[in-house]
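Novice: Quick one: the structure is below, and I'll ask about it shortly.
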Amino acid sequence: MRVVLSGASGLIGTALQSSLRADGHGVTTLVRRAPGGRDEARWAPERHEVDPDVLAGADAVVCLSGAGVGEHRWTDDYKAVLRRSRLDSVTTLAGAMAGLDGGPAVLLSASAVGYYGDTGERVVDETAPRGAGFLAELCADWEAATRPAENAGIRVAHLRTGLVLSSDGGLLKRLKPIVSLGVAGRLGSGQQYVPWISLADEVAAIRFLLEHEVSGPVNLTGPEPVRNAELIATLAQLLHRPAIVPTPGFALRIVLGEFAQDTLTGQRAVPATLLAAGFAHQHGDLDSALRWALGR
């Protein structure tokens with residue numbers, strides 16, 4: 001299989017390309033600088049420019065592009081960056097793929113469980129409606145940007161990813177040193193649900209979707225979402241540290257701005273579509289996922 005990958009330098013993209021190449025698949029990564037080798041191709045999504053010849057020789061395209069949601073305080077300027085970095089990339093690829101004759105048959109496009117907004121105690125699968133808030137609206141627009149590819153008969157799956165657990169990046173990389181010092185605890189009330197997934201299962205799920213006839217939204221999460229307090233407590237237990245210093249909501253709002261609201265709420269999202277299609281998680285519970293991420 002030959003795959004064109006955008007967002008290849010991120011946590012998931014780095015792991016995905018390594019996994020594919022290890023099994024002998026060809027991967028061409030899209031970059032915004034001068035290519036460093038034959039496995040890279042330059043593109044300019046902000047100008048909706050990508051070489052159609054790069055796409056024409058591929059079996060599938062995976063779009064993981066997007067500025068980090070938790071990388072900066074959510075100012076109006078940064079929210080604009082979040083939108084542009086996602087919509088420009090997907091629009092460019094979906095449009096280019098739709099214009100090809102006999103090009104890639106599959107587009108896997110990143111999204112997030114933030115699509116559902118705050119679900120409280122309600123369990124949600126892929127049939128649930130869109131929630132409220134900036135992130136939910138962004139996810140809806142993000143997914144809608146693939147429509148040209150869908151209209152052209154290309155199989156499209158939207159990767160509604162949860163919290164990816166890896167010590168190499170994401171929230172866990174930030175939490176680990178704080179919890180190790182014994183100065184971390186639940187965020188806000190701690191009752192909000194966290195739809196987690198190990199990085200190993202995230203990569204495995206994407207590869208599963210490349211090869212199986214699944215389309216539409218797909219929740220990339222572990223089988224059992226947990227409350228924020230349980231996540232912190234389990235991590236602390238594995239690190240043999242206490243978790244007794246909660247972070248109040250007002251402090252998160254000062255540091256994170258509007259993004260704090262998404263941190264203090266959660267999604268009790270389950271991977272119904274993945275499970276129905278026959279996907280088996282390597283890490284089916286939080287303890288095993290955290291042990292793997294921590295190398296335990």
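The values are calculated or read from the model by the stated rules, or taken from the named source; none is laboratory data. Since the model is a prediction, treat every value here as computed from it, not as a measurement. In this analysis, Cβ positions are derived from the backbone assuming ideal geometry, glycine residues included, and neighbour counts consider all displayed protein chains.
Novice: When residue 60 is evaluated against the numbered criteria (1) of a type outside the set (Ser, Thr, Tyr); (2) at pLDDT 95 or above; (3) over 19 Å from residue 157 (Cα atoms), which criterion, by number, is the only one it fails?
Specialist: (3)
Novice: Could you check residue 59 against (1) surrounded by 15 or more Cβ atoms within 10 Å (Cβ to Cβ); (2) under 26 Å from residue 137 (Cβ atoms) and say which number it fails?
Specialist: With (1) surrounded by 15 or more Cβ atoms within 10 Å (Cβ to Cβ); (2) under 26 Å from residue 137 (Cβ atoms) applied to residue 59, the lone miss is (2).
Novice: Moving to a separate point now. Can we say residue 234 is at pLDDT 85 or above, buried (at least 20 other Cβ atoms within 10 Å of the Cβ) and either in a loop (DSSP other than H, G, I, E, B) or out of contact with any Cys (no Cβ under 6 Å at 6 or more places or on another chain) (or both)?
Specialist: So residue 234 fails the test.
Novice: How many residues are assigned to a loop (DSSP other than H, G, I, E, B) and either closer than 15 Å to residue 233 by Cβ or under 20 Å from the mean Cα position of the chain (by Cα) (or both) when one looks only at the range 280-296?
Specialist: 6
Novice: Among (1) over 22 Å from residue 274 (Cα atoms); (2) out of contact with any Asp or Glu (no Cβ under 7 Å at 6 or more places or on another chain), which single condition is residue 135 missing?
Specialist: It fails just one condition, (2).
Novice: Related question: State which residue is farthest from residue 215 (Cα to Cα) when the search covers only the range 17-63 and only residues that are among the aliphatic types (A, V, I, L, M) and free of Cβ contacts under 8 Å to residues at least 12 places away in the same chain. If you could, list the steps in order and put the result at the bottom.
Specialist: First pass over the range 17-63, keeping only residues among the aliphatic types (A, V, I, L, M): 20, 22, 27, 30-31, 34, 41, 44, 50, 54-56, 58, 60-62.
Restricting the remaining residues to those that are free of Cβ contacts under 8 Å to residues at least 12 places away in the same chain gives 22, 34.
Working: 22: 26, 34: 34 Å.
Across the range 17-63, the extreme among qualifying residues is 34.
Novice: From the list 96, 22, exactly one residue is exposed (fewer than 14 other Cβ atoms within 10 Å of the Cβ), among the hydrophobic types (A, V, I, L, M, F, W, C) and out of contact with any Phe, Trp or Tyr (no Cβ under 8 Å at 6 or more places or on another chain). Which is it?
Specialist: Details: 96 fails: exposed (fewer than 14 other Cβ atoms within 10 Å of the Cβ).
Selected residue: 22, the only one of 96, 22 that is exposed (fewer than 14 other Cβ atoms within 10 Å of the Cβ), among the hydrophobic types (A, V, I, L, M, F, W, C) and out of contact with any Phe, Trp or Tyr (no Cβ under 8 Å at 6 or more places or on another chain).
Novice: Take the residues in the range 165-197 that are modelled with pLDDT of 85 or more and over 16 Å from residue 230 (Cα atoms), then tell me which one is surrounded by the most Cβ atoms within 10 Å (Cβ to Cβ).
Specialist: 166
Novice: Let me ask something else about it. Would you say residue 199 is farther than 25 Å from residue 25 by Cα and among the hydrophobic types (A, V, I, L, M, F, W, C)?
Specialist: No: the conditions fail for residue 199.
Novice: Moving to a separate point now. Residue pairs, Cβ under 6 Å, 6 or more apart or interchain, first in the range 145-161 and over 13 Å from residue 61 (Cβ atoms), second polar (S, T, N, Q) and assigned to a strand (DSSP E or B). List them.
Specialist: From the range 145-161, the pairs are 158/109; 158/111; 160/111; 160/219.
Novice: Just a yes or no: is a residue in the range 248-266 farther than 21 Å from residue 178 by Cα, at pLDDT 85 or above, touching a helix residue (DSSP H, G or I) at 6+ places or on another chain (Cβ under 9 Å) and surrounded by 15 or more Cβ atoms within 10 Å (Cβ to Cβ)?
Specialist: Looking for residues that are farther than 21 Å from residue 178 by Cα, at pLDDT 85 or above, touching a helix residue (DSSP H, G or I) at 6+ places or on another chain (Cβ under 9 Å) and surrounded by 15 or more Cβ atoms within 10 Å (Cβ to Cβ), one finds at least one in the range 248-266, hence yes.
Novice: Which members of the range 123-142 meet the condition of being of a type in the set (Phe, Trp, Tyr) and buried (at least 20 other Cβ atoms within 10 Å of the Cβ)?
Specialist: 142
Novice: Let me ask something else. What number goes with the only condition from (1) touching a Gly at 6+ places or on another chain (Cβ under 8 Å); (2) under 30 Å from residue 21 (Cβ atoms) that residue 242 does not pass?
Specialist: (2)
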